1. Could you list, in sequence order, all residues of the range 326-346 that are part of a helix (DSSP H, G or I) and touching a Phe, Trp or Tyr at 6+ places or on another chain (Cβ under 7 Å)?
2. Of all residues being within 27 Å of A294 (Cβ to Cβ) and of a type in the set (S, T, N, Q) in the range 109-135, which is farthest from the chain's Cα centre (by Cα)? Just the residue, please.
3. So in the range 163-181, with the set limited to residues that are surrounded by 15 or more Cβ atoms within 10 Å (Cβ to Cβ) and modelled with pLDDT of 85 or more, which one is nearest to R233 (Cα to Cα)?
4. Can you find even one residue in the range 219-240 that is out of contact with any helix residue (DSSP H, G or I) (no Cβ under 7 Å at 6 or more places or on another chain), hydrophobic (A, V, I, L, M, F, W, C) and at pLDDT below 85?
5. Tell me, which strands (runs of 3 or more DSSP E) lie completely within the range 68-114 with 1 or more residues that are among the charged types (D, E, K, R)?
6. Within the range 293-316, can one find any residue that is in contact with a helix residue (DSSP H, G or I) (Cβ under 9 Å, 6 or more places away or on another chain), in a helix (DSSP H, G or I) and surrounded by fewer than 17 Cβ atoms within 10 Å (Cβ to Cβ)?
7. Restricting to the range 36-67, name every residue that is part of a loop (DSSP other than H, G, I, E, B), at pLDDT 80 or above and farther than 17 Å from V87 by Cα.
8. Any chance the range 121-131 includes a residue that's in a strand (DSSP E or B) and without any contact (Cβ under 8 Å) to a residue 24 or more places away in the chain?
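The values are calculated or read from the model by the stated rules, or taken from the named source; none is laboratory data. Predicted model, so just to flag it, every value in this text is computed and none were measured. With ideal geometry, Cβ positions are generated from the backbone for all residues, glycine too; neighbour counts draw on all protein chains shown.
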Amino acid sequence: MKFPRPRPARRPLVAAATLAALTALFPGAFAGAVSVASRDLPAPERGLNLLVVGLDGRKGVTKEEKERFRLGGQGCDCTDVMMLVHVSAAGDRVEVVSLPRDSLASLPGEHRDRRTGKVHAPHQAKINNAWAEGGPDLTVETVESMTGLSVHRYLAVDFRRFMDTVDQVDDGVPICTEQPLKDPATGLDLQPGTKRVAGGEALQYVRSRRADGQMDFGRMRKQQRFVANALGRLRDGVLDAPGRLGEVAATLRGTAAGERGISTAELLALAARLRNLPPERTEFATVPVRGFNANVEGVGSTVAWDEEGAAEVFGRLAEDRPLPAAEAVAPSEIQAAAYRPARGASLICP
């Protein structure tokens with residue numbers, strides 16, 4: 001089955017929830033096609049931290065697409081996806097830690113609400129509300145305060161950008177499942193096995209949290225799996241061609257201004273820095289979670305991190321060390337939230 005490539009008038013972009021981290025996660029795919037375009041990319045002594053976010057934004061999505069892929073309703077301009085990507089100083093490892101969108105966070109203050117102009121004191125909120133309230137600056141500051149890590153760069157992409165980029169992959173991206181996945185909220189309907197999907201169906205997959213009974217925790221694992229498989233497909237052709245590579249890198253960054261937003265040149269420089277890193281040297285995990293918090297007035301139901309487990313995870317990254325093994329972290333009160341690091345190679349569909 002041949003999937004359409006986007007019309008020239010539409011700029012393809014990569015979504016943070018999935019392909020947004022491709023340069024940092026599997027840069028070996030860029031070998032032979034990357035020129036060193038920038039020397040400005042930070043090279044911290046204990047590794048580089050990149051925050052990748054996927055925005056619930058529907059700008060540019062057509063009415064037909066909204067109906068077909070169940071994208072109706074108003075976008076919250078919040079972060080549906082948050083991945084903290086750590087690139088080791090030696091360039092020999094990449095760790096990716098997903099942060100649940102409903103994590104209870106303390107938004108630093110004072111800060112101005114970009115929606116209302118009101119100045120807020122520090123207050124509690126779901127972590128995904130930081131972007132809606134204060135944009136990238138507040139989001140980065142919030143993640144830094146919760147993890148104890150410096151965020152050196154961030155990358156943010158919305159629905160339109162995600163679909164357009166997946167549509168660039170000839171014959172689509174494979175997704176695989178051992179059980180049927182059906183989610184009436186997103187329209188996802190997959191039978192056991194492997195199927196290649198284009199942009200809209202890929203978006204249904206990475207947005208789905210009702211298909212497997214594992215809520216947002218299952219969705220984050222699907223997002224991680226999709227990143228691994230999308231990159232495998234891009235490696236087959238897109239990333240071998242300098243022209244297409246340059247287009248992907250440029251549109252991956254977009255044009256939005258941001259103090260610590262990664263530039264196109266920096267993406268290419270990062271790819272060059274890590275060109276020999278194999279998928280086996282990448283690792284995916286979700287921050288250790290204790291359980292659910294009691295409802296917080298004005299915030300609602302939220303996810304509580306396991307403070308000791310999270311400190312162990314982010315402490316190791318701060319020291320530029322690999323993630324702790326699953327048995328080193330106490331079990332979660334929520335079975336679906338079990339901390340289970342997975343190598344990138346293990347997530348690729350057969």
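1. A326, A336, A337, G344
2. Filtering the range 109-135 for residues that are within 27 Å of A294 (Cβ to Cβ) and of a type in the set (S, T, N, Q), the one farthest from the chain's Cα centre (by Cα) comes out as Q124.
3. V173
4. no
5. The strands (runs of 3 or more DSSP E) meeting that bar are 79-87, 94-98.
6. no
7. Within the range 36-67, D56, G57, R58, K59, G60, V61, T62 qualify.
8. There is at least one residue in the range 121-131 that is in a strand (DSSP E or B) and without any contact (Cβ under 8 Å) to a residue 24 or more places away in the chain.
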